[in-house]
Amino acid sequence: MALFGKEIYLVSEKRRDNKNRVLNNGESQRKDGKYEFKYVDVNGVRRSAYSWKLTDADRVMSLREMEKQIRRDLEDGISTQSANSKTLNNVYDTYMEGKTELKQSTRGNYKYMYKKYVHDTLGKRRISTIKYSDIKRFYNSLILEKNFKPNSMEIIHTILHPVFTTAVRDGYIRTNPTDGVMGEIKKSHNWEKSKRHALTEEQQGIFI
């Protein structure tokens, strides 16, 4: 309350943390010192994010860094909670369940290749943490360490690309990290097929 002349003005008290810093809407500090940010996700479910750090000036990941990511995810329709809990294996299972049109032999080949080369490596990672560079590194490891040839590499890519597309469409990630990787792999390992050129009329006559 502030008194100026005969009028009384009510001044709302802003919430502050234990360092006397003003807290934004949705932010609070618990008794143990940890910060909390409350929000509603894209599905209308109430969520909370926690951090020991409020701003970038603090030494651990700040609550406001989390808030920026959450707000960006909400604007883009990304399900932050699901993205942080789903692994590549989880999304692969969802994708394969929906591929009812696959021939039994193709399905069996896909399952064999995925289980042998992806499931226990890249497959265990959270889908939201896998980047383009991770995919390229993984493909190169299959070539250099497992002696993969172009046909085998194409099978792995044919499996992974639509799995990540499923993750994009389901709102777990923004972009598909496998986009453009095979082009880079083919260039770096000289797998690009040489272009065919039609014979000229003169060359055809000589050939005949």
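Assorted remarks:
- The range 131-149 residues that are open to solvent by less than 60 Å² (accessible area, probe 1.4 Å), paired with ones that are of a type in the set (S, T, Y) and not in a helix (DSSP H, G or I) (beta carbon under 7 Å, 6 or more apart): I135/T178
- Residue pairs meeting the criteria (Cβ under 8 Å; at least 6 apart or on separate chains; first without any contact (Cβ under 8 Å) to a residue 24 or more places away in the chain and farther than 15 Å from T94 by Cα, in the range 115-129; second hydrophobic (A, V, I, L, M, F, W, C) and part of a helix (DSSP H, G or I)): T121/F138
- Neighbours by Cβ (under 6 Å, 6+ apart or cross-chain): first from the range 34-56, farther than 12 Å from M66 by Cβ and touching a residue at least 24 places away in the same chain (Cβ under 8 Å); second not polar (S, T, N, Q) and not in a strand (DSSP E or B): V42/G77
- Taken as a whole, the range 156-164 holds at least one residue that is within 26 Å of V42 (Cα to Cα) and open to solvent by 50 Å² or more (accessible area, probe 1.4 Å).
- Scanning the range 112-135 for residues that are among the polar types (S, T, N, Q) and assigned to a helix (DSSP H, G or I) gives S128, T129, S133.
- Within the range 95-130, considering residues that are of a type in the set (V, I, T) and crowded, with 16+ Cβ neighbours inside 10 Å, the one nearest to S79 (Cα to Cα): I127
The values are calculated or read from the model by the stated rules, or taken from the named source; none is laboratory data. What you are looking at is a predicted structure, and each value in this text was computed from that prediction instead of being measured. Note: ideal-geometry Cβ built from the backbone for every residue, glycine included; neighbour counts use all protein chains shown. Side chains are part of the model used for accessible areas, which takes the heavy atoms of the whole protein and leaves out ligands, DNA and RNA. Shrake-Rupley method; radii C 1.70, N 1.55, O 1.52, S 1.80 Å.
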